[in-house]
């Protein structure tokens, strides 16, 4: 392997690791978002079902209005809680991913420095051998 190809191999290896890491993080984000959205939809369906049952059992206009108001309050609360949960999930993931990315960058820098140092030493040795001949 030539000196240039070893350095390029190190860079390519780091690039491939970065791309795989990014793909894994996108998959994780989409999976968590999907799970959370399913949980939210299920909760809303349950609450709407209860509201419909209450409508069936309500007496008069005041019962209808009370049921409707409760449904609106529950809906607003659920959407607010869902937004908070999404914010919390993404904030936690962003912090975790930033920490992982920082570690990955430091590792890639270290690998690249080692490859450059090794290539430099090999080039010097090759120069010494050529001069000796």
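A short reminder: the numbers here are calculations on the coordinates, not readings from a lab. Bear in mind that the values here come from a model prediction, so they are computed numbers and not experimental data. Positions of Cβ are generated from backbone atoms using ideal geometry, with glycine treated the same way; all protein chains shown enter the neighbour counts.
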When 21, 71 are ordered from fewest to most other Cβ atoms inside 10 Å of their Cβ, what list results?
21, 71
State the extension gain, in nm to one decimal, for the chain segment bounded by residue 85 and residue 130, taking 0.36 nm per residue of separation less the distance between their alpha-carbons.
9.6 nm
How much FRET efficiency would the formula 1/(1 + (r/R0)^6) give for residue 18 and residue 39, where r is the Cβ-Cβ distance and R0 is 25 Å, rounded to 0.05?
0.20
27 Å tail of the calculated P(r), segment 3-132, as % of Cα pairs
55 percent
Protection proxy ranking of 73-81, 123-131 - average other beta-carbon atoms within 10 Å, highest first
73-81, 123-131
